[in-house]
1. Mind checking which residues of segment 39-80 are assigned to a loop (DSSP other than H, G, I, E, B) and not acidic (Asp, Glu)?
2. Condition check: closer than 21 Å to residue 209 by Cβ, of a type outside the set (Asp, Glu) and in contact with an Asp or Glu (Cβ under 9 Å, 6 or more places away or on another chain). Does residue 83 satisfy that?
3. Those residues that are buried (at least 18 other Cβ atoms within 10 Å of the Cβ) and of a type in the set (Asp, Glu), I need them from segment 249-273; list them, please.
4. Answer yes or no: is there a residue in segment 39-60 that is of a type in the set (Ser, Thr, Tyr) and touching a residue at least 24 places away in the same chain (Cβ under 8 Å).
5. Could you please give the count of residues in segment 111-151 that are exposed (fewer than 15 other Cβ atoms within 10 Å of the Cβ) and in contact (Cβ under 8 Å) with a residue 40 or more places away in the chain?
6. Run down 12, 76, 80 and say which single residue is in contact with a Leu (Cβ under 6 Å, 6 or more places away or on another chain), on the phi < 0 side of the Ramachandran plot and surrounded by 22 or more Cβ atoms within 10 Å (Cβ to Cβ).
7. Does segment 142-154 contain any residue that is assigned to a helix (DSSP H, G or I) and of a type in the set (A, V, I, L, M)?
8. Say we look at segment 285-311 and pick out the residues that are assigned to a loop (DSSP other than H, G, I, E, B) and in contact (Cβ under 8 Å) with a residue 12 or more places away in the chain; which of these is farthest from residue 141 (Cα to Cα)?
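Read-outs throughout are calculated quantities, based only on the coordinates presented, and are distinct from any laboratory measurement. Fair warning: this is a prediction, and the values are worked out from it, not measured in the lab. Here the Cβ is made from the backbone with ideal geometry for all residues, glycine too, and neighbour counts use every protein chain on show.
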Amino acid sequence: MSSSKCSERVRVGVIGCGPITLNAHADAIAKAANIELEAIADRDELLLTEMAQRLHPARAYRDGGDLLNDPRVELVVIAVHDRFHIPLARSALAAGKHVLVEKPLGISVEECESLRDALTNDRILAVGCNRRFLPGVRATKRFLLEEGGEVISYRSHYYDSTFRHSVTQANKFPPAVEPGDNVIRPDGPDWKLTDKRVYNLVTHSPHLLDLARHLTGSIAAVRAMYREVRVEADGSRALARGHAWWIDLRFGNGSTGQCLLLLPRAGEFEEGFEVHCSGGHVTCSYPYVWFQRETTRVYSASAKEFRSPDAQDCHTFRLQLEALADSIVTGAPQINASLEDGIACVKAMVAASYSSLHDGQWIDPESVGGDVANPYVRLGNPAAAV
């Protein structure tokens, strides 16, 4: 995934000028060796004007449909509310564009599955599971394929922080862009305001679930427990409401795993994983991916040695764009999470929600339908009998 792989620059259009574009995609596009920002689009005029002044695209559109009709745009980055992901991805594919859609792929199992009919062999759809591009994750994937042998267990964690935003806003992120009055709200409940249990699972668990599948293989069964917790916020002694998820996994190869999601914990942000296999083990920790640092330790039993990737390049948002552009231009195998990866991740997420609402039953992800707020087991496709 070196930045010199692809000399031709892929012209990209970004739909959505909110925080994820400002804080992640804009910097990634500016630094990517094989990407050129062609256009941006947002319905909110103040947001669009401010972002156009900052990002200097060739064109700025008030309507995402106008961007999709722009023949100079080859790749569309969809960085809008989760409920708009599938409709915009479908429209982008119909317009002949390649697509990178932010995670999660969509809200419900059915809408995600419906996107299969829209994807043709000459287009690429990728889901923004950027953790795949951390040096430690790449080194672990390579080790498991070449030396690791049979996976015995997998464990991962995602700890949000009580002071994360105050740290990043002061030290990493550019000044926020305040929207005007024309921000488009999707139909359906705003879970961020009405149901933090649902919102947190939808927003954060895709990182854990996609990485588990990416490293260990297909998820055959899920069970989950959830409870509300109280944590001290910002050292103020005031207790804030938080959420804790324990998600147990059984993989198709027979191994087991667990994902722990704490939102937030009292202290620093941290993500990481630990995998044990017949040929060794790996531990990986990335205290804060926005700051592009991580620590990985790989033990190879055959070589009788520990080793670590140097992690000199952890700009995962840039790396995922460069890899996607490389696949578009050269036909290189897709490294980014695919449509099927995105569908499987949403199924596992919905299965976890269903399990947490039904006393921690083991659930086959292929048996579920609906979304995280309203999950159900589809008729004729029973839950996992584990």
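1. 43, 56, 57, 58, 62, 69, 71, 72, 73, 79, 80
2. Taking the combined requirement at face value, the residue satisfies it.
3. The answer is 271, and nothing else.
4. In the first step, residues of segment 39-60 are kept if they are of a type in the set (Ser, Thr, Tyr); the result is 49.
Those still in the list that are touching a residue at least 24 places away in the same chain (Cβ under 8 Å) too: none.
No, segment 39-60 contains no residue that is of a type in the set (Ser, Thr, Tyr) and touching a residue at least 24 places away in the same chain (Cβ under 8 Å).
5. Final tally of qualifying residues: 3.
6. 12
7. Yes: one or more hits.
8. The extreme case among them is 292.
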